[in-house]
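> Attaching a single structure in structure tokens format; questions to follow.
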Amino acid sequence: MPRCPVFDREILRHLKQLHRYATRLTGDAEEAEDLVQETCLRALERWEQLEDWLDARAWLMAIARNLWIDGCRRRRRRRARIVLAGDLGESGGPLEHASAAAMDSSTPDALDGSLRLIPTVFREAVVLCGVRGLPYAEAARRLGIREGTLRSRLHRGRRLLREMTHQ
């Protein structure tokens, strides 16, 4: 990849701000270093997409934010697979990602225990839609119920999970 002196100058100019921003996002110095490095690499790969060098700082911050969000989502899905694998009741199949509302505010163990405690009809809806990510129509078809009934069960199941994990 050819070097671009303008790119190098702009990266160095905004590196301290980028590092401060990454530290605020991650809350950890080592993670911030990794995020800054990944941000610079991503920016270098796509520097030709930057149309206005006056927006370089905002562009770098947006890259860092998006990488951090993607990393959080990956960790959340991985944690959900580890914690909930094998606990699918009657649904079957591997878990892909957990209900975002429940995962945001609970430990994996609390979520695992809470899923086991909610009634089966709600657990099935939460697992199929909130965990496996199936569209409402597909999940309703698999359960042999109407889509409106599925949405109601999903809403009630998520509410029960939130209540259990906030106690």
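> Filter the stretch 123-140 down to the residues that are under 23 Å from the mean Cα position of the chain (by Cα) and crowded, with 17+ Cβ neighbours inside 10 Å and list them by number. Even if it seems obvious, please write down each step before you answer.
Narrowing the stretch 123-140 to residues under 23 Å from the mean Cα position of the chain (by Cα): 123-136, 138-139.
The answer is Arg123, Glu124, Ala125, Val126, Val127, Leu128, Cys129, Gly130, Val131, Arg132, Leu134, Ala139.
> Still on this model: Restricting to the stretch 141-162, give me the number of residues that are within 19 Å of Leu115 (Cα to Cα) and more than 25 Å from the chain's Cα centre (by Cα). Give the steps one after another, and end with the answer.
First, the residues of the stretch 141-162 that are within 19 Å of Leu115 (Cα to Cα): 143, 150-162.
Narrowing further to those that are more than 25 Å from the chain's Cα centre (by Cα): 143.
Number of matching residues: 1.
> Hey, any hits in the stretch 48-64 for a residue that's modelled with pLDDT of 85 or more and of a type outside the set (A, V, I, L, M, F, W, C)?
no
> For the stretch 74-155, which fully contained helices (runs of 4 or more DSSP H) count at least 1 residues that are modelled with pLDDT of 90 or more?
136-143
The values are calculated or read from the model by the stated rules, or taken from the named source; none is laboratory data. Since the model is a prediction, treat every value here as computed from it, not as a measurement. Note that each Cβ is placed from the backbone with ideal geometry, even for glycine, and that neighbours are counted across all protein chains shown.
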